[in-house]
Amino acid sequence: MPRAIENVCVFCGSRPGNDPAFAQTAARLGVLFVENRLGLVYGGGGIGLMGIVTQTVLENGGCVTGVIPEFLMTPEVGNPNVTELLVVRTMHERKMTMFERSDAFIALPGGVGTLDEVVEVITWRQLRQHAKPVILVDVNGYWTPFVGMMNAVVSAGFASSTLPELFRVVPSADAALEALEALEYAN
């Protein structure tokens, strides 16, 4: 039975990146979460794009669940001001907790950790462990090389031609929310 999307996990960088559009998109996404009454689930840090989207949601009265391993509390400046901060033991526990508490995933630009999170939820979807939407916000072409790599995996015969159907690429935060509104899924 289709479920409403209430909580969305955002994967994004613990750094702001070099392009000001990354930070602007993170802030816009935070505003859209509050306007659409979506709870934010994220990696628990208070810096970079993670900090921007979180602070925007909180400043506008939204709910935020942060999930952070204890060993990252200092390097990623664990944010104690969120609605709920879950301090876990490992990165695996962090990813599983974020997955369990989310109805969908949106990825902004980010580093290797963001790539890891995105690939994992796409892999789990490919293995039919979930049917939750996975949306990549392609700010100024950031995700274009990733999409190229996924196409190369298919072309080389390492994945089915349906691999690109497991995620959606959109150009903006607004388009990400429009995509969520259009999607129904069974968990």
Mind checking whether some residue in segment 7-21 is within 12 Å of the chain's Cα centre (by Cα) and more than 16 Å from residue 101 (Cβ to Cβ)?
-> yes
Top-ranked residue of segment 103-114 - restricted to ones that are within 10 Å of the chain's Cα centre (by Cα) and more than 15 Å from residue 139 (Cα to Cα), ranked as surrounded by the most Cβ atoms within 10 Å (Cβ to Cβ) = 105
Here is a list of conditions, (1) among the β-branched types (Val, Ile, Thr); (2) modelled with pLDDT of 95 or more; (3) over 19 Å from residue 172 (Cβ atoms), and residue 31 meets all of them except one; can you say which number that is?
-> (3)
Taking segment 56-78 as the search range and keeping residues that are in contact with a strand residue (DSSP E or B) (Cβ under 9 Å, 6 or more places away or on another chain) and in a helix (DSSP H, G or I), which one is least open to solvent (accessible area, probe 1.4 Å)?
-> 57
Which residues, taken from segment 1-33, are open to solvent by 40 Å² or more (accessible area, probe 1.4 Å) and under 17 Å from residue 66 (Cα atoms)?
-> 6, 7, 14, 15
Of 93, 184, the only residue that is at pLDDT below 95, under 18 Å from residue 9 (Cα atoms) and open to solvent by 50 Å² or more (accessible area, probe 1.4 Å) is 184
Matching residues in segment 126-149 - criterion: being without any contact (Cβ under 8 Å) to a residue 24 or more places away in the chain and surrounded by 15 or more Cβ atoms within 10 Å (Cβ to Cβ) | 147
Would you check if there is a residue in segment 158-167 being surrounded by 17 or more Cβ atoms within 10 Å (Cβ to Cβ), touching a Gly at 6+ places or on another chain (Cβ under 8 Å), within 20 Å of residue 10 (Cβ to Cβ) and of a type in the set (A, V, I, L, M, F, W, C)?
-> no
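The values are calculated or read from the model by the stated rules, or taken from the named source; none is laboratory data. This one's a predicted model, so the numbers in the text were calculated from it and none came from an experiment. Glycine gets a Cβ as well: all are built from the backbone with ideal geometry, and neighbour counts include every protein chain shown. Heavy atoms of the whole protein, side chains included, go into the accessibility calculation; ligands, DNA and RNA do not. Shrake-Rupley method; radii C 1.70, N 1.55, O 1.52, S 1.80 Å.
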